[in-house]
Amino acid sequence: KLMSKDKGAVSPLIVIVVLAVVAIGGYFLFQKGSLSLSSGGPSLTQRATEKDFEFIADPTLRKHFVAQANKTDYRTKSTSPGSGLTLVNEVQIRGDSYNSREIESDGTKEIKHMITIGDTIYLKDYSDGKWWKQTIKPEKQKEEKEEKKEEPKDFKEEYSQPNIDYKSLGKEPCGSLTCFKYEQILPESPEMKRIFWFDDKDFLLRRDERVFEGFKTTNEYFYEDIHISIPLLTKEVPLGKSINEFAS
């Protein structure tokens, strides 16, 4: 059984539910102080290294966390028989540009398609095929400074808690790859179970399964052909309205 001492570094890599997918690499780098929002969007200025995960005793698991934290382009497909929904989430980080795409379907048709590029959000309107467009104004400089003061000065010291354990379950095929298989254990939440697989070549997450009180979620991870761009046909959200009001 392996114990992690850094909740903040690990949690963003593992906590993924049906309707909320966390930016695996970008979130870690932001928490670590490697992403800046001062220019209106994240800016990748340094990469994670094994030193950042030295609290992980298992060298194989440590390589996985480093590889995952450094991945800036990925796609996650989340499914759950209980909800009947499928969510595809894509993330693409390019310098100061943080782009994402969220596609939700109910098993028969697509019911939501949202693209975020920098400060601008696009939401597909299925009635005419056009995309609602709304640019979110950056926070005021004063608010940014106040928020920055609340951020922990020392990443590891702030989040260092011995509350996540890992158990190696060996290796097995996962698609065309061979993967290491691990179980994640949260002592304070024994009713929650997570099994995850990462390949033995690039050490990247390929799949995980989470079960909570009989509710199962399966997540698959992909790293190729991530292309997020501005839709061609757009229309502005009416003044005083929020783009979220137009979501189906």
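Using R₀ = 30 Å, calculate the FRET efficiency as 1/(1 + (r/R₀)^6) where r is the Cβ-Cβ separation of THR135 and SER168; round to 0.05. Efficiency, from the Cβ-Cβ distance: 0.05. Working note: Karplus 6.51/-1.76/1.60 with θ = phi - 60° gives the stretch 108-125 the couplings 10, 8, 6, 10, 7, 9, 10, 10, 10, 10, x, 9, 10, 10, 10, 10, 6, 9 Hz, where Gly and Pro are set to x.
Whole-Hz Karplus values for the stretch 191-196 come out as 6, 9, 10, 9, 10, 9 Hz, taken residue by residue from phi with 6.51 cos²θ - 1.76 cosθ + 1.60 and θ = phi - 60°; glycine and proline positions read x.
Rounded to the nearest 0.05, the FRET efficiency derived from the C-beta distance between LYS241 and SER105 at R0 = 35 Å is 0.85.
Between LYS51 and VAL211, full extension at 0.36 nm per residue minus the direct alpha carbon distance yields a gain of 54.5 nm.
Read the figures in this text as sums done on the coordinates, not as results from a lab. What you see is a predicted model, and the numbers here were worked out from it, not measured in a lab. Positions of Cβ are backbone-derived with ideal geometry, glycine not excepted, and every protein chain shown enters the neighbour counts.
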